[in-house]
Amino acid sequence: MDRLDAMGAFLAVVDEGGFAAAARKLKISPPVVTRAVSDLEAAMGVRLLIRTTRIVRVTEIGARYADDCRRILSDIAAAEETAAGTHGSVRGRLVVTASALFGRMYIVSILNEYLLRYPETEIDCRLVDRVVNMVDEGIDVAIRIGPLQDSSYQAIRVGEVRRVVCASPAYLEQHGAPTSPDDLARHTVIASAGVTPSNDWQFIRDGQPVNVRIQPRLNLTTNDAALAASLDGFGIVRTLSYMVAQDLAAGRLVEVLQDFRPASLPINVMHHEGRHAAQKVRAFLDMAIEALRSDPALQ
């Protein structure tokens, strides 16, 4: 096995968490994978992996080497695609991620159109309510809501949303509407881990941010479950504006505490391939940017 193949085998072990799983992914025998990693370690005189009878763990040096291998192999693949002219055609596997509810509401339809338009493509879409590491998890494009933590990626802003606090008309008729964030202490509050990772809700009062500690009676792990509970009249929920745009317009929910809204959150489409993005990535970016920027609920 040459050096590049050995690097690929090492990455497979890191990504899959073991030699047997890496061998299945690469469709080769486990001894071949083991020998490839051992040859790399012998050539460099370092330990890349710690092996026990039960686990395989990457060392600190191995983790840095894995990042370098990933970049090198990606650059080689891009160079070969360019030389072969595949940057001029849309083909191959695309990996996309977005938050669960946003993905269902906005991204799945874009994926469907993309696949219909480009029959030589396939998509792995990961809708999860967490920030994924794009390099470690092999993500081509990520749609993210909120401030960006890593400036090393290419980010295209496509809109913004805001946090809104709302309740059903039936709940407000029975309990009244809060007139200040402090009033939430006297109301039934529904919390969703998807939007509210803590029990501190941020508001703006007299131009300054303030945090209000809430005591939710109902904690839910998904945004759509929290919205369902609020629509049923159980209590007050805080969510993102795009999630409730239709319910607010139809009068099924009513926004409260409008005078204390915090700053809006940006929506960005992110990738890490720079100006030389493969055509499969560029084609998806063009479709996603156009679709998201044209949606009034996201502007």
**OP:** Among the residues of region 215-255, count how many are crowded, with 21+ Cβ neighbours inside 10 Å and either in a strand (DSSP E or B) or not small (Gly, Ala, Ser) (or both).
**Re:** 11
Original post:
Among ALA100, ALA20, which is the only one that is surrounded by fewer than 20 Cβ atoms within 10 Å (Cβ to Cβ) and touching a Gly at 6+ places or on another chain (Cβ under 9 Å)?
Top reply: ALA100
Subject >> Residue in region 269-287 that is buried (at least 20 other Cβ atoms within 10 Å of the Cβ), at pLDDT 90 or above and in a loop (DSSP other than H, G, I, E, B) present >> reply: no
Subject >> region 19-49, residues that are at pLDDT 90 or above, of a type outside the set (Ser, Thr, Tyr) and not in a helix (DSSP H, G or I) >> reply: ILE28, GLY45, VAL46, ARG47, LEU48, LEU49
Original post:
Given the conditions (1) outside any helix (DSSP H, G or I); (2) within 25 Å of TYR114 (Cβ to Cβ); (3) modelled with pLDDT under 80, and given that GLU80 satisfies all but one, which numbered condition is not satisfied?
Top reply: (1)
Original post:
Within region 151-179, can you find the residues that are of a type in the set (Ser, Thr, Tyr) and surrounded by 14 or more Cβ atoms within 10 Å (Cβ to Cβ)?
Top reply: TYR153, SER168, TYR171
Subject >> Residue in region 240-261 that is out of contact with any helix residue (DSSP H, G or I) (no Cβ under 9 Å at 6 or more places or on another chain) and either among the hydroxyl-bearing types (Ser, Thr, Tyr) or under 30 Å from ASP75 (Cβ atoms) (or both) present >> reply: no
**OP:** Read through the list (1) under 28 Å from ARG93 (Cβ atoms); (2) touching a residue at least 12 places away in the same chain (Cβ under 8 Å), then give the number of the only condition that GLU290 fails.
**Re:** (2)
Original post:
For region 118-127, which residues satisfy the criterion of being out of contact with any strand residue (DSSP E or B) (no Cβ under 7 Å at 6 or more places or on another chain) and in contact (Cβ under 8 Å) with a residue 24 or more places away in the chain?
Top reply: TYR118, GLU120
Subject >> Positions within region 122-140 being in a loop (DSSP other than H, G, I, E, B) and within 10 Å of the chain's Cα centre (by Cα), in sequence order >> reply: VAL128, ASP129, ARG130, VAL131, VAL132, ASN133, MET134, ILE139
Original post:
Within region 64-77, how many residues are in contact (Cβ under 8 Å) with a residue 40 or more places away in the chain and either of a type in the set (A, V, I, L, M, F, W, C) or in a loop (DSSP other than H, G, I, E, B) (or both)?
Top reply: 5
**OP:** Could you grab me the full set of residues in region 161-178 that are under 30 Å from the mean Cα position of the chain (by Cα) and either in a helix (DSSP H, G or I) or under 13 Å from LEU257 (Cβ atoms) (or both)?
**Re:** ARG162, ARG163, VAL164, VAL165, CYS166, ALA167
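The values are calculated or read from the model by the stated rules, or taken from the named source; none is laboratory data. Just so we're clear, the structure is a prediction, and the values are computed from it rather than from any experiment. Here Cβ is always computed from backbone atoms with ideal geometry, including for glycine, and neighbour counts include all displayed protein chains.
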